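Here the structure is laid out as structure tokens; the discussion comes afterwards.
Coordinate-derived values only; no laboratory data. Note that the structure is a prediction, hence the values are computed from the model and not measured. When we count neighbours, we look across all protein chains shown, and the Cβ atoms used for this are built from the backbone with ideal geometry, even at glycine.
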Amino acid sequence: MTKQTLLLLLLLMLLCFNLPAYNSTDVMVQGFNWESHKYSWYTIVQSKVDDLAACQIDMIWLPPPSDAASDEGYLPRELYQLTTKYGTQAELKSLISALHNKGIKAIADIVINHRVGKYDWADFINPTWGSWAVCKHDEWAGATGNEDSGDGYSAARDLDHSNATVQQDIKTWLNWLKNSANGGFDGWRYDYVKGYWGGYNQIYNNATSPYFSVGELWPDIGLNYNASAPESDYHRQKLADWVSATGGSSAVFDFTTKWQLQLALARGELWRMGSIPGLIGWWAAKSVTFIDNHDTGSTQAHWPFPGSKVMQGYAYILTHPGIPCVFWDHLYDWGLHDQIKALIRIRKDNGLSSTSSVSVQKSEANLYAAIMDGKVAMKIGSGSWDPGYGWTVAASGTDYAVWTKNANDSSPAPTDTVRTVVFMHKETTPGQDIFIKGGHDATLVPSVYPSMEEPITYNNTRNSATASIKGNDTSLDWGSESALDWTCNIWPSSWGTKKTYANDGFGEDPENKWGPHWWKFDVMMSGNKGDWFEFKAFMREGSTEWWETDRSQAGTPRSTVNHWGKKGYITRCGYDEDWVEFIPLD
């Protein structure tokens, strides 16, 4: 099946399936870690309910609710016994009632891939099942059920979900958990779903109508751990296949985004994120993004996110599509509470959702930047970037920043403007174009310059090839490109009908005294004659771009890696060269 066919099928499923009702602007928190069973956990979580509401959390994933052979709850024994190491059934009901009073949904950790007996391999009680409930070829020799529909789990008995009694008992138990007289849960987090066919999750969802459900499918990574998209696409394909098997009735944890994001940050390879390589790049509405959980992080630390990069991770998942899930440890134990809360507030205030659009602005080794829904901009990595004029920093920290768009920018238009021209020499061929970005380096703001961008108005918009860019370009900044036009000093007759800068927006230009291939940037810029600004150029041919390397221009007021120009002058320079000449304009 081709990728295009797959994407079409996924789109059709989104249109056709009867999806569970939930607000796609939701943010979830995992409300426990691997050690939580050692404390009166339900009581502890209840003490945080007011703060969870203040953080604008919509859903909380709670630990497995039933009696189990393991303290953590992942070897379930008596399903209807809800007094566990985390607390009593009464404490659980009190917690869920308090959550509901604040509008927060309770998601139960549902472990139905496997089960253990009360005293022996498979002496199941509450509900009572026989050997027919266990898949054949299980470690227990007495199993008489059908073949397993997924991967085996050696620590407990693999349940046969094709058995009608098993199915009915699970449906009855899940609906019992939803009843406020027993628990009051609103939805399900399905554990270890690689152990059985996803179609059974659809059966259980159809029977219980959860507010939300999500599956834990942790795909194996192939021999090349450092693979990037498209080589890594097999990984998110497994996630998409499982969601398809559920009939689109369940979301899935986006382990692919975690894999690629933590690799990108750990290795200084943020270029990986330019293609949106996780499941959110294919099926964001069904992706639950996360940084760590009780398995990958906590005291188990099977696959922890780089500790010093965690906030960059949250800057990514809390601004991007998908349904983000915050880990309890990060929110309450790492000293990151206020930073995470600020990012959630930005997401909520701007209506970012599981299907928000992403416009990637930069994806380099040490810089990834993107704009979501045209309303929120973000960058992670040590590289400098900002979205330009009309944006305000809303949150920032070590190597991350988030901006929001000024809805009604009332800043007065500059009253003092001066004509400013850049002529940059670069020999090109048809189909190749030159653009610049610029303004002022972030390290000089606000200590030297009040803003990173410079408002501009183009003096010539006659070139049809660049008119649309110029029509939407109101500032020289680092977030959007500014267009240059090709000029020459003489248009030979052998080239055909003469094109002139005055009439056509490109071609023969009397201000060009030097020959062909001088690319011209001609604008009105606010400020005074002699004021400085910075810029850097790139060449584009089709979808391919080549940036200049870092510059080292002499005689500038500050040392940066960019070209420096002067307002009120012609700044004459070479592409990827350090020399410069300033020619005063009348």
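Miscellaneous remarks
- The overall shape of segment 86-236, judged from the alpha-carbon gyration tensor, is oblate: a/c is not under 1.5, and a/b is no greater than b/c.
- Note that segment 150-242, at 25 °C in a medium of 0.890 mPa s, gets a Stokes-Einstein diffusion coefficient of 162 µm²/s from its Kirkwood radius over C-alpha pairs.
- Cα gyration tensor shape of segment 336-382, rounded if a/c is under 1.5, else prolate or oblate by comparing a/b with b/c: oblate
- Relative contact order of the chain, pairs being alpha-carbon contacts under 8 Å that are 6 or more residues apart, as %: 10 percent
- When each of 105/258; 171/309; 362/498; 375/470 is checked by Cα-Cα distance, pairs over 32 Å: 171/309; 362/498
- Global geometry of segment 246-402, whether rounded, prolate or oblate, following the gyration tensor of its Cα atoms and the 1.5 cut on a/c: rounded
- Two-site FRET efficiency, residue 498 against residue 275, from Cβ-Cβ distance with R₀ of 30 Å, rounded to 0.05: 0.10
- Residues in segment 348-371 reached by a label modelled at residue 550 [backbone nitrogen below 16 Å; 7 Å Cα→Cβ]: 364-367
- Ordering of 43-50, 139-146 by packing [mean C-beta count within 10 Å, highest first]: 43-50, 139-146
- In percent, rounded to a whole number, the relative contact order of segment 417-584 is 31, using alpha-carbon pairs under 8 Å and six or more apart.
- For 481, 545, 454, the sequence from fewest to most other C-beta atoms within 10 Å is 545, 481, 454.
- Computed on segment 70-208, with alpha-carbon pairs under 8 angstrom and 6+ residues apart, the relative contact order is 27 percent.
- Normalised alpha carbon radius of gyration of the chain [divisor 2.2 N^0.38 Å]: 1.19
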